[in-house]
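Colleague: Encoded as structure tokens, here's the structure I'll be asking about.
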Amino acid sequence: MPEIFFHVGLGKTASTYLQYAFFPKLKGISYIQRTRYGQSKNIIRKNPATSHFVSREFDQQLEQECRWFSADFPDARTIIILRRQDGWVASQYRRYVKNGGSLSFRDFFDVAEDKGFWHRKDAEFFPMLQILEHYFTHPPLVLFHEDLKKDPYGFFDAFATYLGATYDREEVSLKPIHRSYSEKQLKIIRKVGKYIFSQDPQWSSNKLINWIQRRSRLYACYAILYPSLLIPDFLVSPKPLISAEELQEVRDFYAADWEACRAYAGRHKP
């Protein structure tokens, strides 16, 4: 039987870059792009003699989506990319601010008392590996974002080998897909967003209206982010968006979980 590979994320671990810069360049396997994830089961059934690679990134939705996909393909081989919690949570927070959020970092992620917008369990990675083991017959392949940053072609080689695929290095650009916003831009939109964006938006259940609502908010955010580059630096607070102390608290809190994930990856190398 041809094999099915299922890349489940996580978000903010260069998933978008991989999905557009690297995965489409793979040869010898049928790649099902993130935008076709909802049709992935039908695509696989129509081409049963072909090995398939499905990619989508999940965070809080991981168990729900694993339950859905494994109902038809429990033997799929899952792949998850992890990023140490301090960097991962910081990236999630920057995305939240970029999209109009105005909470402080501690109100967004309160690792001490767990009263934040995100909860401590949302950044526990070892339970995610257990979820993958529960729903699928094979242990997940665990890869690390830091390895991609340190040696991208080595990362690509390992990924392609696991899939039984090949690729040409010269076809893969190392340029990022999305630009990063500066600390100044994020500080400004966080301050402005407090007054113009709802911090608890009520998104419509209608797909078209929901898309229009989210797209409108996104464009409004862009209308703040880009002009904010013109604001003189002295008008912006020098206080960092996220303090080094706050990040260290996150790193310390999840140290045991992170080491458990590193050990798991070592035990289950392909």
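The numbers here are math on the coordinates, done by the rules we state, and not lab data. These numbers come from a predicted model, not from an experiment. Cβ coordinates were reconstructed from backbone atoms using ideal geometry, including for glycine residues, and neighbour counts include every protein chain displayed.
Colleague: Can you tell me how many residues within region 136-172 are in contact with a helix residue (DSSP H, G or I) (Cβ under 9 Å, 6 or more places away or on another chain), surrounded by 14 or more Cβ atoms within 10 Å (Cβ to Cβ), under 16 Å from Tyr31 (Cβ atoms) and of a type outside the set (A, V, I, L, M, F, W, C)?
Modeller: Number of matching residues: 1.
Colleague: Can you find a residue that is closer than 19 Å to Tyr20 by Cα, assigned to a helix (DSSP H, G or I) and under 21 Å from the mean Cα position of the chain (by Cα) anywhere in region 163-181?
Modeller: Within region 163-181, one or more residues are closer than 19 Å to Tyr20 by Cα, assigned to a helix (DSSP H, G or I) and under 21 Å from the mean Cα position of the chain (by Cα).
Colleague: Hey, among the residues in region 1-39 that are part of a helix (DSSP H, G or I) and in contact with a strand residue (DSSP E or B) (Cβ under 7 Å, 6 or more places away or on another chain), which one's surrounded by the fewest Cβ atoms within 10 Å (Cβ to Cβ)?
Modeller: If we take residues in region 1-39 being part of a helix (DSSP H, G or I) and in contact with a strand residue (DSSP E or B) (Cβ under 7 Å, 6 or more places away or on another chain), then Pro24 is surrounded by the fewest Cβ atoms within 10 Å (Cβ to Cβ).
Colleague: Take the residues of region 189-213 that are of a type in the set (Val, Ile, Thr) and closer than 17 Å to Tyr96 by Cβ: which is surrounded by the most Cβ atoms within 10 Å (Cβ to Cβ)?
Modeller: Step by step, filter region 189-213, then rank; the result is Ile189.
Colleague: Pairs under 6 Å by beta carbon, first residue among the charged types (D, E, K, R) in region 109-133, partner assigned to a loop (DSSP other than H, G, I, E, B), six or more apart or different chains?
Modeller: Within 6 Å, the pairs are Asp110/Gly116; Arg120/Asp114; Asp122/Gln60; Glu133/Pro139.
Colleague: Further, regarding this structure: Can you tell me how many residues within region 66-109 are among the hydrophobic types (A, V, I, L, M, F, W, C) and either at positive phi or touching a Gly at 6+ places or on another chain (Cβ under 6 Å) (or both)?
Modeller: The number of residues fulfilling the criteria is 2.
Colleague: Follow-up. Is one or more of the residues making up region 132-145 assigned to a loop (DSSP other than H, G, I, E, B), within 20 Å of Gln60 (Cβ to Cβ) and within 22 Å of the chain's Cα centre (by Cα)?
Modeller: Yes - at least one qualifying residue is present in region 132-145.
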